[in-house]
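Heads up, the thing below is written out as structure tokens.
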Amino acid sequence: MNPNKALWEKGDFTKLAAAMRDSGAAFVEGLGVGPGMAVLDLGCGDGTTALPSARLGADVLGVDIASNLVAAGNARAAEAGLTNLRFQEGDASALTDLEDERFDLVVSVFGAMFAPRPFDVALEMVRVTKPGGRIVMGNWIPGDPTLVAQVLKIASAYSPPPPEGFVSPMTWGVPANVVERFGAAGIPADHISCEPQTYLFSRPGTVTEFLDTFRNFYGPTMNAYEAAAKDGRAEELHAELLALFEAQNQGERGQIVVPATFLKVVVRK
């Protein structure tokens, strides 16, 4: 099995996505999505940005590597009565069943950044975008002090070394890498903009419950806990993550509100 597919099918990202809905909708509202637009949501999960795009009238295709998330997305679309939205399995590195220049807008929020072969990912996104269309990515930033970057940093410290040739998904959060990758796909640097923005995780519950969501349902953290348990370091990992979550939460009692900084990338074809 594709290791990326195994990673994202391992848990149940829908549990974490439930805390991302409001910010996903707010992100889409700033993109000018409207009726008649053809939109691809790449690495879409169960539709955190795909559903808001469809509700604004666009014809939306969500593509994800994980079959469980595709099924969850199609179920959400059916429940919402969104006949202009469907989900299918696919690899962001090789969108073999999608034709050239099909979409007005390609969106990938914390999705395609995790796919292998980042230069192929950039090339594929450019290929399926219409001339004059846009690609918009949201990518976590390496070394950023906010939640997700720190979770991934801590998780990697407890996990086995990655295989030879592995390119960290966090490299998509570096503007120079973004420019290089899309440049290799034929996009001039002045057609690419990168700026940091803030994403909010918001849900009722306690810090411990929110951490448990990462521990039990988020593939990278699940792998870290398993590796730490084998090394006798599970309590150490848990204490480190709990301290991080407690420090990051800005919500009042019984409410989780955690900001996370990301790099918003806009590419004009």
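Given in Å, the Rg to one decimal and the Dmax to the nearest whole number for the Cα atoms of region 96-186 are 14.5, 44. Mind checking which lysines have their Cα closer than 24 Å to the Cα of residue 130? Skip sequence neighbours fewer than 8 apart in that chain. Within reach: 264, 269.
Treating each Cα of region 194-269 as an identical point scatterer and summing with the Debye formula, the log10 of I(q)/I(0) at q = 0.24 Å⁻¹ comes to -1.08. Region 172-205 and region 1-68 have Cα centres lying 17 Å from one another. Compactness ratio for the chain: Cα radius of gyration over 2.2 N^0.38 Å (N = residue count) comes to 0.97.
Applying both filters, DSSP loop and at most 11 other Cβ atoms within 10 Å, to the GluC sites (Glu not before Pro) of region 71-148 gives 99. Principal-axis analysis of the Cα atoms of the chain puts helix 118-127 at an angle of about 30° to the longest axis.
Determine the per residue accessible area of region 185-269 with all protein chains present and a 1.4 angstrom probe, expressed in square angstrom.
Numbers: 4290 Å² over 85 residues.
Result: 50 Å² per residue.
Hydrodynamic radius of region 1-128 by the Kirkwood approach over all distinct alpha-carbon pairs: 14.4 Å.
Helical content of the chain, expressed as a calculated mean residue ellipticity at 222 nm, amounts to -12000 deg cm²/dmol (DSSP H runs of 4 or more residues, -39,500 (n - 2.57) each, divided by residue number, nearest 500). The accessible surface of the chain, taken with every protein chain in place and a 1.4 Å probe, is 53 percent carbon and sulfur. The long axis of helix 234-248 is offset from the longest Cα principal axis of the chain by roughly 60 degrees. Taking a straight Cα-Cα cut-off under 16 Å and skipping sequence neighbours fewer than 8 places away in the same chain, the aspartates and glutamates within cross-link reach of residue 5 are 46, 64, 89, 91. Kirkwood's formula applied to the C-alpha pairs of region 122-269 gives a hydrodynamic radius of 17.1 angstrom.
The values are calculated or read from the model by the stated rules, or taken from the named source; none is laboratory data. Not measured: the values here are computed from a predicted model. Glycine gets a Cβ as well: all are built from the backbone with ideal geometry, and neighbour counts include every protein chain shown. With ligands, DNA and RNA removed, areas are computed over all heavy atoms of the protein, side chains included. Shrake-Rupley method; radii C 1.70, N 1.55, O 1.52, S 1.80 Å.
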